[in-house]
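Report on the following structure.
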Amino acid sequence: MCFLLLIYLLLSANVADVFTEDADCQVYNHLYVCLENGGFLHSVAFEDVNAVQTIEDIELHLENLEIINITRNAFTEVSNSSALYVRDNRLSSISRHYFDTLNQLTYLDLRNNTITNVEDGAFASLSDLETLLLDHNNLSDLRPGVWRGLSELHELYITHNQLALRRNMFKGLRQLETLVLDSNDIPEIPIGAFNGLSHIDLLYLSRNKISTLHPDVFRGLSEINELDLGKNRLRAIPANVFRHMKSLNSLWLNGNQLTVLKSDAFQGLDNLLFLFLNNNDLRYVDMAAFARMKNITVDPGFRIRGSLVGDFRKIYGRYQCISVAYQLPYDCTEIDS
């Protein structure tokens, strides 16, 4: 069986260049994969070239192969692929030549490697890429030059790294709609961190260490629908910090250290539908903060004189509140004027 496979490979024009003397070649997920020098991906070819010619979306699965490097032109024989999964390997750096021949990729999964560096222009040939996953790596910094060529990127996931945000960090990603930055130990959001992201729809920043928000930190995010700031260290909501987010419909502030909600905390969020405030230590709430919200649902809600508040437009005044238990409504008593 192995002898026949070897004869087939040697006679196949499509994989004639797959082998080198030092390469260890194997069939893996319907691909001929050749690794050399203990983890250098030398080449990839299709097991059945004729079969993939009838497939519209071709996926390359190279997970769990202990890949530490990718040689130039490794993907030449599979250049018509639309998705590449290289997760669960040992890549520590992404070089400019890695994906040169994969100019039809729309999906790239680099999760669960040990990546600390991405070279400027590493994705320059991936002009059709729509989704990029960099979760569970060791990234601490990403320069704007990294995004060169990613004119169609819609989704970017960089969770569970050690990322520190900087001004103009994502500039150039003009079509980006989803940005997921959960679990990075981010201590602050500098002004201008989201410059150039005018089409952002979903922004997730949960499970970080953000303790303060500058009033202008979200300037320019006028199309955003969901913002997750849950499980950070926020102690207060600055006046008018959300004023640029006229389209926001869901806001997560759960799991912070909020004690006060002033009347101007949610200025501009007239169209907000869902607000998550559970697992804070709210003690003082000015109900005027919700006065302009027509259809708001607050989790876990507020209980006043034994009744759960349903229509916040009918509730006025300032209240002293206590948290009875996690996920139970805050129990509030009106403060005499």
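Quick notes on this structure:
- Only strands (runs of 3 or more DSSP E) whose full extent lies in segment 21-75 are considered here, and the ones with at least 3 residues that are over 31 Å from the mean Cα position of the chain (by Cα) are 23-28, 31-36.
Rundown of residues vs (1) more than 17 Å from N280 (Cβ to Cβ); (2) touching a strand residue (DSSP E or B) at 6+ places or on another chain (Cβ under 7 Å); (3) surrounded by 12 or more Cβ atoms within 10 Å (Cβ to Cβ), yes/no style:
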| site | (1), (2), (3) |
| --- | --- |
| V298 | no, yes, yes |
| I304 | yes, yes, yes |
| S307 | yes, no, no |
| C321 | no, yes, yes |
| V324 | no, yes, yes |
| L328 | no, no, yes |
| C332 | no, yes, yes |
| I335 | yes, yes, yes |
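- Top-ranked residue in segment 291-324 [being modelled with pLDDT of 95 or more, within 31 Å of the chain's Cα centre (by Cα) and among the hydrophobic types (A, V, I, L, M, F, W, C); ranked as nearest to I335 (Cα to Cα)]: V298
- Selection of segment 118-143 for residues being farther than 21 Å from L91 by Cα and not small (G, A, S) yields D128, E130.
- Qualifying residue in segment 248-261 (condition: touching a helix residue (DSSP H, G or I) at 6+ places or on another chain (Cβ under 9 Å) and among the hydroxyl-bearing types (S, T, Y)): no
- Tally, over segment 67-82, of residues that are within 26 Å of P144 (Cβ to Cβ) and either touching a residue at least 40 places away in the same chain (Cβ under 8 Å) or surrounded by fewer than 17 Cβ atoms within 10 Å (Cβ to Cβ) (or both): 1
- When residues of segment 309-319 are limited to those that are open to solvent by less than 90 Å² (accessible area, probe 1.4 Å) and out of contact with any strand residue (DSSP E or B) (no Cβ under 8 Å at 6 or more places or on another chain), the one farthest from A239 (Cα to Cα): G310
- Any hit, segment 109-126, residues being of a type in the set (D, E), modelled with pLDDT of 95 or more and either under 19 Å from L205 (Cα atoms) or open to solvent by 60 Å² or more (accessible area, probe 1.4 Å) (or both): no
- Only one entry of L179, L202 meets the criterion of being of a type in the set (A, V, I, L, M, F, W, C), modelled with pLDDT of 95 or more, within 25 Å of K246 (Cβ to Cβ) and open to solvent by 10 Å² or more (accessible area, probe 1.4 Å), and that entry is L202.
- Residue check for R243: more than 15 Å from the chain's Cα centre (by Cα), farther than 22 Å from D264 by Cβ and open to solvent by 50 Å² or more (accessible area, probe 1.4 Å): no
- Elements of type strands (runs of 3 or more DSSP E) in segment 250-303, at least 1 residues being of a type in the set (F, W, Y): 250-252, 274-276, 284-286
- Scanning segment 38-66 for residues that are on the phi > 0 side of the Ramachandran plot and free of Cβ contacts under 8 Å to residues at least 24 places away in the same chain yields a total of 0.
The values are calculated or read from the model by the stated rules, or taken from the named source; none is laboratory data. Computed from a predicted model, the values in this text were never measured in an experiment. Methodologically, a virtual Cβ is constructed for each residue, glycine included, from the backbone with ideal geometry; neighbour enumeration extends over all protein chains shown. The area values use the complete protein model at the heavy-atom level, side chains included, leaving out ligands, DNA and RNA. Shrake-Rupley method; radii C 1.70, N 1.55, O 1.52, S 1.80 Å.
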